[in-house]
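As structure tokens, the structure follows; a few thoughts come after it.
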Amino acid sequence: MQITEDGLLLRPWRPTDADDVLRACQAPDIQRWTAVPRPYLPEHAHGFVTDRAPRGWKDGTSTPFAVCDAGSGELLGSCGLVSIDHTLRSGEIGYWTAPWARGRNLAARATRAVARWAFDRLELRRIIWQAELGNHASRLAALRAGFRVEGRLRLAAPAPGGSAEGWIGSLLPGEVPEPGTPGPAGPGTLEARRAAVFGRPHPELFATVGPVELRLRAMDERDMDALVTTSRDPETIRWTSVPDPYERSHAEAYLAYHRTSWADGSAACFAVADADDAYVANVDLRIARMDPLLADVGFLAAPHARGRGYLSAALGALTTWGFTTLGLARIEWRANVGNVASRRAAEKAGFRYEGVSRAAIQYRDHRVDAWLAAVTATDLPDH
Ligand SMILES: CC(C)(COP(=O)(O)OP(=O)(O)OC[C@H]1O[C@@H](n2cnc3c(N)ncnc32)[C@H](O)[C@@H]1OP(=O)(O)O)[C@@H](O)C(=O)NCCC(=O)NCCS
């Protein structure tokens, strides 16, 4: 059993592959994102190539292929189906690329080959892809192999310190892009650009207000007390829908939202810290679900830090990053009609008032009208 496609040779594993498997599976991201044992020892590699892989082929539950260079035979990665259900005619794809073979789109190319073979030869009717939320390299490979990423699923066994949720997608016969064609989500596309941002650690941004240097960074546990104080402030309660009464558990849930939304690339939320690294505000940029070029902002400032221009400066840094790094076209601000302080902060950061949106905000148990302002990529000074 072997497949040759797009310069790759996919063949069953051999005992002599054990050393290469051992070497490849030391890669921190393979250990981070797959279920390989940690630490990965020689007996694991040996057991995989001599026992688990051949057993999968024999009992028909998996088709693990070694992915090799078709010319030289060098081992480059692993790709195959697991959890094959012959009644449903469905299977799940899994892959890793050896660190020495990165940068060649190997997983997408190998997955296309395996999928084509599985639809033709095994007569499967569906292939599933699953990954932990935040594994953008895997998501990009799946999209490039033609998968439709359809949603999220809570994980049965989350990795320690990892996300509690995963992405899930599927591929049907007839949807596999031809070998050598770019297919969806290729280099330079918005998907690839966003993966390059959200697949990396949370960045830091900087803003200056007179002599004060502000740092926009990921929120974490040390910000919880200040977030509780800010959210219990009467002005915050009056103008936003923060829970009232606001408990510490609400702040912790908000922190979890920060982390999950970064991992899945739906929002970039920053704590704004002063020179002592103390929380003075938070600013959130949330990408619209139906329009990837549109986002909106949400923010809170600590009561003691209001009226100093901190929020406007942080918002300016955030919107500039949204246009230049995320490639957004338009960023909106909305607030309950009458929230003059929020409007002034937004306008100082470059948002232009556009009008009143009727019944645009759910405020506690009723709808209220909102002021709407926006800043667009064409407003940037060097546009
Ligand atoms: C997922 C994986 C197999 C992809 O490997 P690959 O196909 O060789 O990927 P490449 O190195 O060719 O990179 C493909 C694209 O992903 C991007 N990419 C790579 N690592 C990334 C990361 N950590 N975050 C975001 N994007 C990343 C690359 O920049 C490239 O995009 P571009 O073509 O637009 O420049 C590989 O990253 C891997 O082995 N990861 C660990 C194991 C794993 O996660 N398996 C899947 C479990 S569900």
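Details
- Within the range 22-57, the set of residues being over 16 Å from GLY80 (Cα atoms) and of a type in the set (Lys, Arg) comprises ARG23, ARG32, ARG38.
- Residue in the range 58-77 that is under 18 Å from ASP29 (Cα atoms), assigned by TED's automatic domain parsing to the domain that holds PRO15, out of contact with any helix residue (DSSP H, G or I) (no Cβ under 7 Å at 6 or more places or on another chain) and open to solvent by less than 50 Å² (accessible area, probe 1.4 Å) present: no
- Subset of the range 153-172 (residues that are surrounded by fewer than 15 Cβ atoms within 10 Å (Cβ to Cβ), of a type in the set (A, V, I, L, M) and part of a loop (DSSP other than H, G, I, E, B)): ALA156, ALA157, ALA164
Conditions (1) surrounded by fewer than 15 Cβ atoms within 10 Å (Cβ to Cβ); (2) assigned to a helix (DSSP H, G or I), marked per residue:
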residue	(1), (2)
VAL280	no, no
VAL283	no, no
ALA295	no, no
GLY298	no, no
HIS304	yes, yes
GLY307	yes, no
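- Test set (1) in a helix (DSSP H, G or I); (2) open to solvent by 60 Å² or more (accessible area, probe 1.4 Å); (3) without any contact (Cβ under 8 Å) to a residue 24 or more places away in the chain - GLU252 fails condition number: (3)
- Residue within the range 33-50 that is open to solvent by 60 Å² or more (accessible area, probe 1.4 Å), away from the ligand (no atom under 16 Å from the Cβ), acidic (Asp, Glu) and free of Cβ contacts under 8 Å to residues at least 24 places away in the same chain present: yes
- The one condition in (1) out of contact with any Pro (no Cβ under 7 Å at 6 or more places or on another chain); (2) open to solvent by 40 Å² or more (accessible area, probe 1.4 Å); (3) more than 26 Å from ALA335 (Cβ to Cβ); (4) within 16 Å of the ligand (Cβ to nearest atom) that ARG194 fails to fulfil: (2)
- Check on GLU175, of a type outside the set (Phe, Trp, Tyr), without any contact (Cβ under 8 Å) to a residue 40 or more places away in the chain, open to solvent by 30 Å² or more (accessible area, probe 1.4 Å) and not in a strand (DSSP E or B): yes
The values are calculated or read from the model by the stated rules, or taken from the named source; none is laboratory data. On a predicted model such as this, the values are computed, not experimentally measured, just so you know. Cβ: placed from backbone, ideal geometry, glycine included. Neighbour counts: every protein chain shown. In case anyone asks, the SASA skips ligands and DNA or RNA and just uses the protein heavy atoms, side chains included. Shrake-Rupley method; radii C 1.70, N 1.55, O 1.52, S 1.80 Å.
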